[in-house]
Amino acid sequence: MEKKVEPIKNETAKKDYLVLHLQQPVEYGGTSISQLDMTGLREMTGRELNVIYDLYAAQGGGGVALQESTLLFAQVVASRVCGYPLEAIMELKAKDSVYLKNRVYRFFYLSE
C-alpha cells in the first residue's frame, strides 16, 4: 500500500503580491484599513476596466499612454477592486501608496 506524502507547505509561497499589507493602517469613516486585497483584478472584465478608465479621467487623470503607471490610476483600481471609497485609498501613507502603484503596474505590465 502506498503511503501518501503531504507536500511541505511553504508559507512564503502562499503570499500573493496582489494582497498589500499596509505598513501604516488607515482610519476612514470609522473603519480601519490594514490591507488591500486586489486579487479581484484577475477576474476583472474589459467592461469593468472601462469603468475604471472613465473614473480615472473624471478624477483628472490625463493622457492615454501608460495611465496604468500612475498613482491616481492605481488608487482608482484599488477603490473599485477592494470596495473602499477613493477618498479612503487616497489617505494611504506615501510609502504604501507607492507600493500600491507598483503592484498595479506589475499586474498590467509584468508577468505574474
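The values are calculated or read from the model by the stated rules, or taken from the named source; none is laboratory data. Values in this document were obtained by computation on a predicted structure and should not be read as measured data. Cβ placement follows ideal geometry from the backbone for every residue including glycine, while neighbour counts extend to all protein chains displayed.
For this structure, a couple of remarks:
- The range 36-47: number of residues that are surrounded by 15 or more Cβ atoms within 10 Å (Cβ to Cβ) and part of a helix (DSSP H, G or I): 1
- Test: residue in the range 62-81 that is out of contact with any helix residue (DSSP H, G or I) (no Cβ under 8 Å at 6 or more places or on another chain), at pLDDT 95 or above and outside any loop (DSSP other than H, G, I, E, B): no
- Filter result for ALA57 (farther than 20 Å from TYR17 by Cβ, assigned to a helix (DSSP H, G or I), in contact (Cβ under 8 Å) with a residue 24 or more places away in the chain and not basic (Lys, Arg)): no
- Residue count for the range 20-57 under the criterion of being of a type in the set (A, V, I, L, M) and over 14 Å from ARG80 (Cα atoms): the result is 5.
- Where a residue in the range 21-34 is free of Cβ contacts under 8 Å to residues at least 12 places away in the same chain and its partner, wherever it lies, is surrounded by fewer than 10 Cβ atoms within 10 Å (Cβ to Cβ) and hydroxyl-bearing (Ser, Thr, Tyr), with Cβ under 9 Å and at least six apart: PRO25/SER32
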